[in-house]
Amino acid sequence: MSGRKGVGHKGFNLALADVRVLAGELERAVTRGDTAPLAAYSERALGRVWKAQHFSYWMTTMLHTLPEATPSASGARRASRPR
């Protein structure tokens with residue numbers, strides 16, 4: 001990982017969160033014989049991943065302007081920032 005704080009850590013944090021959730025689902029399957037949450041795990045995990053991906057993309061586009069961005073795209077970017 002990068003030496004700069006906050007750069008590239010979203011994926012690592014997401015992976016750790018997935019391990020925590022999966023560990024609970026595995027424990028439930030082994031101790032209680034309840035495998036239904038495991039069957040639905042992938043769909044739930046993908047939802048979390050896409051939500052994090054969307055946020056990351058949104059934040060990057062809010063904080064950085066591409067060199068080829070048009071003035072109207074830059075204005076739209078500024079207008080969509082939370083106040």
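Each reported figure results from applying straightforward, stated rules to the coordinates on display, with no laboratory input. Note that the structure is a prediction, hence the values are computed from the model and not measured. FYI the Cβ positions are ideal-geometry reconstructions off the backbone, even for glycines, and counts take in every protein chain you see.
Laid out as a table, the results:
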item	result
A23 paired with Y57, simple spin-label distance in nm, labels 7 Å along Cα-to-beta-carbon	3.2
Relative intensity, log₁₀ I(q)/I(0), of the range 9-79 from a Debye sum that treats every alpha carbon as a point, q = 0.16, 0.28 Å⁻¹	-0.67, -1.16
Where labels lie 7 Å past Cα in the beta-carbon direction, separation of R44 and R32 in nm	1.0
